[in-house]
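These notes are about the structure you will find just below.
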Amino acid sequence: MNRPVVLVTGADLAKEATEVLNEFEIIYTGKAPQPENVLALCQLHNPIAIILRYGGISAEMMDAAPNLRVISKHGSGTDSIDKLGAKERGIEVKAAIGANAAAVAEHALALMLACAKSTIHLNERMHAGYWDKSTFKTLELNGKTVGIIGLGAIGQRFAKMCDAMEMKVIGFDPFANNIAAYIAPVDLDTIWKDADVISFHCPLTSENSQMLNAKTLALCKPGVIIVNTARGGLIDELALLDAIAQGRVAMAALDSFATEPMTVPHPFQDNPKIILSPHIGGVSSAAYINMGVGAASNILSTLSAKN
């Protein structure tokens, strides 16, 4: 008897996740799935569920799998899924909320510190034989204001770290509940005007696309640090480059980009005021297991509820 199929847009899942799905046949697309390949596998296997690791899921893919009942994100961001198309077809969209919160918050902290403490620049100088102790000063974050956009599991975890460093924490999130007492809720204009560091931790929507743009950057404090471990589409990349060139932005540390993988050559390359990482904030050994188990568990709970 054929088992129902779960299609994974990636090359693997954590062993703990595959054990949750032991009643299903798991089909993998490979580590760099192209839309045409995902579409073909949907047509061939007619999966009952899809675990989205890489790439996106379109309405065309959904139509190619008439048995599809749930799309489960291996992580928290669902902007690469046609959610309206899924709703129209009665397909549930689920995310493993909070599964990678620790990993992403830690990465955001590392990027913020790398900017403030010039760790990459100083490391390169040391390897080149220089000793800049008498001529270089870093930025002390104690007492500085961090503005956090998005106060979900990741944003609030990052906020707790910043509070422990005795930073003033302000945050914007019109949908957040149970905001910690050390976070001062403010509007976006206050974030732009008051923050010494701005860190993004919100999903990408049609309403907030390129929310950091020439207009909002002009409101920011001179010398602001920008950290983005959320979605690249939140930032107008050309406007950010211009603000860095003008000195409005002192440093930017980016883990996500408008186009991924980041196009090469890219104007961010070889810019010493921009620190880059390949959307790896949520990729830790623990998060890999947590996201896989979360995605698998969401499939089981959704299918159970539909039966």
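Read-outs throughout are calculated quantities, based only on the coordinates presented, and are distinct from any laboratory measurement. Everything numeric here is computed off the predicted structure, so don't read it as measured data. Quick reminder, even Gly has a Cβ in these numbers, built from the backbone with ideal geometry, and neighbours come from all protein chains shown.
Here are a few things to note about the model shown:
- Note on the chain: Rg/Rh from C-alpha atoms, Kirkwood Rh, equals 1.02.
- Dipole size of segment 101-276 about its Cα centre, with +1 on Lys/Arg Cβ and -1 on Asp/Glu Cβ: approximately 400 debye, rounded to the nearest 20.
- Whether segment 187-272 is rounded, prolate or oblate, judged on the alpha carbon gyration tensor where a/c under 1.5 counts as rounded: oblate
- Nearest 10 degrees, 0 to 90: helix 35-45 Cα axis against the chain principal axis: 30 degrees
- Cβ-defined net charge surrounding His201, 12 Å radius [Lys, Arg +1; Asp, Glu -1]: 0
- GNM flexibility winner over the chain from Tyr54, Tyr130, Tyr288 (Cα, springs under 10 Å): Tyr130
- The region of the chain that goes longest without hitting one of the trypsin sites (Lys or Arg not before Pro) in a DSSP loop, each with at most 13 other Cβ atoms within 10 Å, is 138-307.
- Here's the picture: charge each Lys and Arg Cβ at +1 and each Asp and Glu Cβ at -1 in segment 73-161, and of Val93, Gly147, His107 the one pushed furthest to the positive end of that dipole is Gly147.
- Cα gyration tensor shape of segment 141-226, rounded if a/c is under 1.5, else prolate or oblate by comparing a/b with b/c: oblate
- Principal axis dimensions, largest first and in whole angstrom, of segment 15-104 by Cα: 36, 28, 24
- Alpha-carbon centroids, segment 191-244 and segment 161-188: separation in whole Å: 17 Å
- Cross-linked pairs Lys137/Lys160; Lys117/Lys273; Lys144/Lys193; Lys137/Lys273: Cα-Cα separations exceed 19 Å for Lys137/Lys160.
- Helix 285-306 and the long axis of the chain differ in direction by around 40°, with both axes built from C-alpha atoms.
- Nearest-ten-degree value, helix 237-246 long axis tilted from longest Cα axis of the chain: 10 degrees
- Restriction of the GluC sites (Glu not before Pro) in segment 159-252 to DSSP coil positions whose beta-carbon has at most 12 other beta-carbons within 10 angstrom yields Glu166, Glu207.
- For q = 0.17 Å⁻¹, Debye-computed log10 I/I(0) when each Cα of segment 101-276 counts as one equal scatterer: -1.06
- Between Ala95 and Lys73, the built amide H atoms are under 5 Å apart, and every one of these is 5 or more places off in sequence or on another chain.
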